[in-house]
Amino acid sequence: MTPWDIKSALVSKLDVDGTIPVVSTGSYELDNRMGGGVPLGSLTLIEGASGAGKSVLTQQMMHGSLQEGYKLALFTSENTVRSLITQMQSLSLDIVHYLLLGKLRVYPIEVGHLADEAPVALLEAFRNESDRDMIFVDSLTTAVGRSSLRDILSYFEGCKRLCADGRTILVVLHSHGLSQELTIRIRSICDAHLRLRTEEIGQKLVKTLEVTKIRGADKKTGNIVSFEVEPGWGMRIIPISKVRG
Ligand SMILES: Nc1ncnc2c1ncn2[C@@H]1O[C@H](COP(=O)(O)OP(=O)(O)OP(=O)(O)O)[C@@H](O)[C@H]1O
Ligand SMILES: [Mg+2]
């Protein structure tokens, strides 16, 4: 039985039992360490410095959700459709048929064109994607660089309202991209907060994923998981004994 089979069997069982379905990373082990996964209908903030693994995590969650039959829209400031296909293929995540079937729509965020209007324009675009179950934004940082604090907070509150209506939204933000005060306020608006870091443990540089909060989580949160990104595989959890050497 592959991890996919185990996950599928588990999800159908949970659905029958009436438990809220979650946004799956496609890896049962990773979902399990993430408090059981981010529940559908949540607004999630994925935060970390450059190279910490935000896009890889986002791409795994996108692929996991596509496999479970959800319709997605990705708003990206980092990729074209072509570069996204190539990047995800390098992690063995094939999205071509989902794009052809219209299950995944990809929209580049034109930062120069939007200027300080980005938060308002993005929210309007999300509202227009009314047939999408999930919306991913990777990343919001450059798009809102010239926007006011008020517009950025209104954007997150607007996202929250869409989630209350059943939408699931995941937003990637760079740590230190915005002021500390604003970041704290954004974190408190969001239902889930996943923080990615590159840390020095012993003599090694290790990537970590911390599940700071998940409202409505199935299991205990606050866990820190160490992982590495492996070509052709994606995020692979490293046992703590191996990290410490
Ligand atoms: N296919 C792959 N094979 C091996 N390593 C990869 C692969 N794809 C990404 N990585 C590595 O995984 C790490 C995380 O990359 P990722 O793009 O997720 O970072 P990020 O947090 O989104 O960074 P940024 O803020 O610059 O967008 C990087 O070190 C990157 O080089
Ligand atoms: Mg990225």
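The values are calculated or read from the model by the stated rules, or taken from the named source; none is laboratory data. Keep in mind that this is a model prediction, so the values were computed, not measured. Note that each Cβ is placed from the backbone with ideal geometry, even for glycine, and that neighbours are counted across all protein chains shown.
I'd like to verify a number: residues in the stretch 26-63 that are within 13 Å of ligand 1 (Cβ to nearest atom) and either in a loop (DSSP other than H, G, I, E, B) or without any contact (Cβ under 8 Å) to a residue 24 or more places away in the chain (or both), how many?
Qualifying residue count for the region: 5.
Condition test on GLU129, is it under 18 Å from ILE214 (Cα atoms), of a type in the set (Asp, Glu) and in contact (Cβ under 8 Å) with a residue 24 or more places away in the chain?
Details: under 18 Å from ILE214 (Cα atoms): no; of a type in the set (Asp, Glu): yes; in contact (Cβ under 8 Å) with a residue 24 or more places away in the chain: yes.
No.
Return yes or no: is THR212 in a strand (DSSP E or B) and among the β-branched types (Val, Ile, Thr)?
Values: in a strand (DSSP E or B): yes; among the β-branched types (Val, Ile, Thr): yes.
It is true that THR212 is in a strand (DSSP E or B) and among the β-branched types (Val, Ile, Thr).
Give ILE109, ILE135 a once-over and let me know the one that is touching a Phe, Trp or Tyr at 6+ places or on another chain (Cβ under 6 Å), away from ligand 1 (no atom under 16 Å from the Cβ) and under 30 Å from GLU181 (Cβ atoms).
Values: ILE109 fails: away from ligand 1 (no atom under 16 Å from the Cβ).
After ruling out the rest, the residue left standing is ILE135.
Being of a type outside the set (Val, Ile, Thr), modelled with pLDDT of 95 or more and crowded, with 20+ Cβ neighbours inside 10 Å narrows it down to one of ARG197, ARG167, ARG187, so name that one.
Values: ARG197 fails: crowded, with 20+ Cβ neighbours inside 10 Å; ARG187 fails: crowded, with 20+ Cβ neighbours inside 10 Å.
Being of a type outside the set (Val, Ile, Thr), modelled with pLDDT of 95 or more and crowded, with 20+ Cβ neighbours inside 10 Å holds for just one of ARG197, ARG167, ARG187, which is ARG167.
Residues are listed down the side, and each one gets a yes or a no for (1) of a type in the set (Lys, Arg); (2) touching a strand residue (DSSP E or B) at 6+ places or on another chain (Cβ under 9 Å); (3) at pLDDT 95 or above:
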site	(1), (2), (3)
ASP94	no, no, yes
LYS103	yes, yes, yes
ILE109	no, yes, no
ALA125	no, yes, yes
SER130	no, no, yes
ILE135	no, yes, yes
THR142	no, yes, no
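Within the stretch 132-164, which residues are within 22 Å of LEU84 (Cα to Cα) and surrounded by fewer than 18 Cβ atoms within 10 Å (Cβ to Cβ)?
Result: THR142, single match.
Of the residues THR183, THR142, THR168, THR80, which single one is out of contact with any Phe, Trp or Tyr (no Cβ under 7 Å at 6 or more places or on another chain) and under 21 Å from GLN67 (Cβ atoms)?
Working: THR183 fails: under 21 Å from GLN67 (Cβ atoms); THR142 fails: under 21 Å from GLN67 (Cβ atoms); THR80 fails: under 21 Å from GLN67 (Cβ atoms).
Exactly one residue qualifies, and that residue is THR168.
State whether the residues of the stretch 45-59 include one that is within 12 Å of ligand 2 (Cβ to nearest atom), among the basic types (Lys, Arg) and within 23 Å of LEU99 (Cα to Cα).
Yes, the stretch 45-59 contains at least one residue that is within 12 Å of ligand 2 (Cβ to nearest atom), among the basic types (Lys, Arg) and within 23 Å of LEU99 (Cα to Cα).
I'd like to know if the stretch 92-113 contains one or more residues that are among the small types (Gly, Ala, Ser) and within 16 Å of ligand 2 (Cβ to nearest atom).
From the stretch 92-113, those among the small types (Gly, Ala, Ser) are 92, 102, 112; that's our starting set.
Next, from what is left, pick out any that are within 16 Å of ligand 2 (Cβ to nearest atom): none.
No, the stretch 92-113 has no match at all.
Restricting attention to the stretch 153-184, which residues are in a helix (DSSP H, G or I) and closer than 20 Å to LYS54 by Cα? Step through it out loud before you land on a result.
The initial filter retains those residues of the stretch 153-184 that are in a helix (DSSP H, G or I), namely 153-164, 180-184.
Matches in the stretch 153-184: PHE156, CYS159, GLN180, LEU182, THR183, ILE184.
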